[in-house]
Structure formats: structure tokens, C-alpha cells
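Okay, so here's the structure we're looking at.
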Amino acid sequence: MSGVADHTMHLGGASTEFLELRFGRVFEEDPEPYRGVELTLDFSFGAFSGGCGAVVFAPELHRLRRELELLSRTLNGRFQFATLEDQFGFSLAMEATGQALFSGHILDQAGVGNRLEFETRIDQTYLARALEGLSAFIEDRL
């Protein structure tokens with residue numbers, strides 16, 4: 001994508017135990033609320049690592065940002081995120097220790113793919129980095 005900033009949302013550790021969303025093309029021709037966004041999902045959980053493509057709708061990303069903002073601000077609570085086609089989803093639940101229980105799933109193809117389920121704990125400081133990447137994409141492209 002020439003001329004377009006590379007936007008990512010990275011949730012988790014730097015090299016292990018993470019899910020990264022690399023935002024790609026926005027389907028400008030699609031009307032709201034059905035405007036799609038291409039993603040590349042990169043992940044590493046334990047001995048499992050890989051990547052696959054996915055599509056999300058713009059309103060799903062706006063909702064994700066609101067939920068991450070709330071969790072980051074209060075450091076309390078839980079939320080779940082899933083795409084309409086359930087190709088990937090995750091939940092974050094804050095714990096008294098300052099960590100978040102981060103669990104979810106990824107399918108390599110929407111609806112019919114192989115399914116990877118994951119669960120790990122991540123530090124609360126990772127929330128700000130994820131929120132920053134997501135917000136930059138939304139402000140820039142949506």
C-alpha cells in the first residue's frame with residue numbers, strides 16, 4: 001500500500017504471547033456500517049505462532065477502541081471482542097495483580113478454518129500500546 005502508513009495493534013509481549021493486528025486496505029466502496037478493513041493477524045502463543053488474513057467491519061474497531069479505553073482507564077472489568085464472522089475473538093479480564101487474563105481464538109479461515117485457542121496473562125502496560133496503535137489507525141483511515 002504505497003503512501004499509506006503502516007498501522008498495527010499489538011497486544012501482549014514483544015516476541016512471545018501476543019496477537020498483532022496489521023491493518024490493511026479499507027473497503028471505501030462499502031457503505032457504513034459495513035465498511036470492511038483487511039487485517040493480517042500475526043500471533044505467538046507458547047509453541048504456536050503464525051499468521052492469517054481476516055476482515056473486520058469499521059464499527060467493530062470503534063467498539064474495540066471504546067472497550068480498550070475503558071479498561072485502560074479503570075484497570076477494572078472485562079470485555080469480549082469478536083468479529084461478525086467469528087474468525088477471531090478475544091477477551092481481556094483485569095486481575096487484582098495488575099495483569100489481564102488474555103484469552104481467545106483464531107481461525108485460519110472464517111467459519112470453516114482450523115481453530116487455535118489461547119490463554120495467557122499480560123501486563124496492564126500492554127493495553128496503552130495496543131490502544132495507541134488502534135487509535136492511530138482509526139484516526140488516520142476511518
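Tabulated data for the structure shown
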quantity	calculated
With Cα atoms, 0 to 90° folded angle of helix 125-141 axis to the chain main axis	10
Computed helical MRE - 222 nm, the chain, DSSP H runs ≥ 4 contributing -39500 (n - 2.57), nearest 500	-8000 deg cm²/dmol
Rough spin-label spacing in nm, given labels placed 7 Å along Cα→Cβ, for D140 and E29	2.4
Neighbour-count order for I106, I122, fewest beta carbons within 10 angstrom listed first	I122, I106
Paramagnetic label zone (point 7 Å from Cα along Cα-to-C-beta, Q124; backbone N under 11 Å) in the range 72-93	72-77
Share of pairwise Cα separations in the chain, more than 24 Å, in percent	27
Rough spin-label spacing in nm, given labels placed 7 Å along Cα→Cβ, for L70 and A82	1.8
Residues whose placed amide H lies under 5 Å from that of G89, excluding near-sequence neighbours	H105
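Values in this text are rule-based calculations from the coordinates and carry no lab data. Keep in mind it's a predicted model, so treat the numbers as computed, not measured. Here the Cβ is made from the backbone with ideal geometry for all residues, glycine too, and neighbour counts use every protein chain on show.
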